[in-house]
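This report concerns only the one structure given below.
Only the coordinates and a few stated rules stand behind these numbers; no lab work does. This is a predicted model, so every value here is computed, not measured. Every residue, glycine as well, gets a Cβ built from its backbone with ideal geometry; the counts of neighbours run over all protein chains shown.
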Amino acid sequence: MTINESGWRPQMSMSERVAGPVTATGNRALMLEEPLIFEIGGSSTTGVDLPPAPQVPGRLGTLARKSPVGLPGLSEPEAVRHYTRLSRQNYAIDLGLFPLGSCTMKHNPRLNEKVARLPGFADLHPLAPVATVQGALGVIHELGEWLKALTGMPAVAMSPKAGAHGELCGLLCIRAALEARGDARQVVLVPESAHGTNPATAAFAGYRVENIPATEDGRVDLAALERRLGPDIAAVMITNPNTCGLFERDMKNIADAAHAAGALVYCDGANFNAIVGRVRPGDLGVDAMHINLHKTFSTPHGGGGPGSGPVVLSAALAPFAPLPFVERDAEGVYHLIEEETAGEHHGGSFGRMVAFHGQMGMFTRALAYILSHGADGLRQASGDAVLNANYVLRSLDDVLDAPFGASGPCMHEALFSDKGLAEGFTTLDIAKGLIDEGYHPMTMYFPLVVHGAMLVEPTETESKAALDQFIGALRSVAERAKAGDEALKGAPWYAPRRRLDETLAARRPVLAWREEALDEAAE
Ligand SMILES: Cc1ncc(COP(=O)(O)O)c(C=O)c1O
């Protein structure tokens, strides 16, 4: 079979690709220009035929609307086309490798989706009598048992709905435990490389946050931590593996030191995907740890929610876990422990995180993923995730600076800095260049402890061929940034929109459509 060489070829030069007549529509074949929804149709158009409104006396008085609502008027096909066209301008894990570090963008198996859509799970009412929803409660319970076994922790709170929500749950348990022993500690210690949600959560839970510095090799400075521990420290919050993509080898010593000083240990388990089946945080002295189901157990990410962030708890914190939770009796019947039923058995709970049981659609997906992999499959997944990240790190450390390259193998993420780029070239230029190469950019400028950080998390789902193609793309963009290729400053050239003014977009975002807002934005 021969290749039809009359079409587009990857080896075509940039000038060959850009050249071509300007089109009348602004479209470029399947790359369709799309106006705002307000600019399509008009307010007199509707998608449905309604009978004329009957004349009824208004009852709103002075509250009656005096001007048109200003909603866009579209027929059904116009609305469908608008959103379908927009969706084609999105990048997605179903389109290609999604290197966003700290986000674990892995393939979501379709089996999960099939299971989550079973009407017996999808159509349940949260107030259905317990006797009629034994299967659903069984799913929540069984998933909880897996999470306990995988982390080596004796208890789990299933209801938090995101990683950050789980952090809050864990800190509220810690707060309740300290209050129960009459201990009014005020400070939470957080490493300077932590995800922003850690200090934010600690502050939200009413604590003062203090930073712990990192050592040269990117890990928590144990000596500095020990010096700061004292009777005012409520907890230490450690991310492991950390946001520099490194395993905190001193975790057990950190936990022992914290416990000896009367503090509790929170572990940010967002990066659990790197160690599942290999390390049990409970063995390292952790008291509370959230697990982002949407990262490790392949449930969809949902733009800050609805995710799911169950929190595993030590025996010291279990009595303070939130309600409601599911319990299984000796006959295999599931019960819901709520305020009315908690009694002395669970009287110390700090309260509720959410109205009901958590994110059922995520529980079904995560359990389907776990059962289809089995314990050995999960262990292989974490091994492959780490192998893939090290492959990326070592394939690019000759062209990009790897600040912790000498600290040994990385875990799930390969971290690079902007050191060595040509004068005036930045991490942002590399990110924009990657868009032209057909990739979503890696995470940039995080963690803050690395100048111009580029954090790449390939995950275990990428094949060697996919990794090689990505590495080739990033290598080419990095070489252009080092050589000072001015064309890179103009990237992206091929995206639906060219480079935006990031400062203006952050400082003066125009989020609602108004005629005047468009004029403002154009200024
Ligand atoms: C290290 C770390 N901690 C916490 C979070 C917060 O998780 P979520 O976005 O589910 O609230 C994230 C999110 O990516 C993370 O990477």
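Only Lys, Arg, Asp and Glu count, each charged at its Cβ (+1, +1, -1, -1), so figure out the dipole size of the chain about its Cα centre, rounded to 20 debye. Before the final figure, lay out each step's value.
Details: 45 positive and 61 negative charges, 120 e Å.
Dipole of the chain, to the nearest 20 debye: 580 debye.
On full extension of the chain, what length is gained from residue 180 through residue 249, given 0.36 nm per residue of separation minus the C-alpha to C-alpha distance? Show your work: numbers first, answer last.
Numbers: separation 69, 0.36 × 69 = 24.84 nm, distance 3.19 nm.
Computed gain between residue 180 and residue 249 is 21.7 nm.
Write out the chymotrypsin sites (Phe, Trp or Tyr not before Pro) in the range 448-503 meeting two conditions: DSSP loop, and at most 15 other Cβ atoms within 10 Å of their Cβ.
Numbers: sites: 470, 493, 494; in loops: 493, 494.
Filter output for the range 448-503: 494.
If you stretched the chain out fully between residue 466 and residue 127, how much longer would it get, using 0.36 nm times the residue separation minus the C-alpha to C-alpha distance?
On the way: separation 339, 0.36 × 339 = 122.04 nm, distance 4.61 nm.
So the extension gain works out to 117.4 nm.
Fewest to most neighbouring Cβ within 10 Å: what's the order for 259, 373, 195? Mind dumping the intermediate values first?
Details: 259 15, 373 18, 195 22.
Sorted ascending by nearby Cβ count, the order is 259, 373, 195.
Need one number: nm distance between label points at residue 505 and residue 375, each 7 Å from Cα along Cα→Cβ, rounded to one decimal.
Calculated label separation equals 4.7 nm.
Just tell me, in residue order, which DSSP H segments of the chain are both 20 angstrom or longer along the helix axis (alpha-carbon based) and at least -0.5 in mean Kyte-Doolittle hydropathy.
Membrane-span-like by this rule: 134-151, 163-180, 360-396, 464-483.
Skipping prolines and chain starts, which residues have an amide H placed within reach, meaning under 5 Å, of the one on residue 239, given they are 5 or more residues away or on another chain?
The answer is 268.
Rank the residues 337, 238 as a footprinting-exposure proxy: fewest other Cβ atoms within 10 Å of their Cβ go first.
Details: 337 17, 238 29.
Ranked by crowding around the Cβ, least crowded first: 337, 238.
What is the set of long-range amide H partners of residue 289 at a cut-off below 5 Å, with H atoms built 1.01 Å from backbone N?
267, 312
Between residue 208 and residue 81, what FRET efficiency comes out of the Förster formula 1/(1 + (r/R0)^6) with R0 = 56 Å and r the beta carbon distance, rounded to 0.05? Please list the in-between numbers first.
Working: r = 53 Å, r/R0 = 0.95.
Calculated value: 0.60.
I'd like the distance separating the alpha-carbon centroids of the range 426-484 and the range 257-325, in whole Å.
If we compute the Cα centre of each part, the gap is 30 Å.
With each label point set 7 Å from Cα along the Cα-Cβ vector, what nm distance links residue 485 and residue 315?
Modelled inter-label distance: 6.1 nm.
Given R₀ = 22 Å, FRET efficiency for residue 91-residue 475 by Cβ-Cβ distance, to 0.05?
On the way: r = 20 Å, r/R0 = 0.92.
Efficiency computed from Cβ-Cβ geometry: 0.65.
What would the Debye formula give as log10 I(q)/I(0) at q = 0.09 Å⁻¹ for the alpha-carbon point model of the range 32-177, no solvent?
With no solvent term, the Cα-only Debye profile gives -0.67.
Are there trypsin sites (Lys or Arg not before Pro) in the range 112-182 that DSSP puts in a loop and that have at most 11 other Cβ atoms within 10 Å, and which ones? Each step should come with its number before you reach the end.
Details: sites: 114, 117, 148, 161, 175, 181; in loops: 117, 161, 181.
Loop-located and lightly packed - 181.
Based solely on its DSSP helices, what 222 nm [θ] is calculated for the chain when runs of n ≥ 4 H residues each add -39,500 (n - 2.57) and the sum is averaged over all residues, nearest 500 deg cm²/dmol?
Values: 17 runs with 182 residues, N = 523.
Counting only the DSSP helices, I get -10500 deg cm²/dmol.
Give the order of 440, 451, 412, 165 when sorted by the count of other beta carbons within 10 angstrom, beginning with the fewest.
Values: 440 18, 451 12, 412 27, 165 22.
Ranking 440, 451, 412, 165 by Cβ neighbours within 10 Å, fewest first, gives 451, 440, 165, 412.
Measuring from label point to label point, each 7 Å out along Cα→Cβ, what is the residue 39 to residue 145 span in nm?
5.7
With point charges of +1 on the Cβ of Lys and Arg and -1 on the Cβ of Asp and Glu, referenced to the Cα centre of the chain, which listed residue (89, 290, 196) lies farthest in the positive direction of the dipole?
In the chain, that residue is 89.
In whole angstrom, note down how far apart the Cα centers of the range 350-421 and the range 154-187 are.
One Cα centre to the other: 25 Å.
Quick check: residue separation of residue 226 and residue 134 times 0.36 nm, minus the Cα distance between them. What number comes out in nm? It would help to have the intermediate numbers written out before the result.
Numbers: separation 92, 0.36 × 92 = 33.12 nm, distance 4.80 nm.
Working it through step by step, the gained length comes to 28.3 nm.
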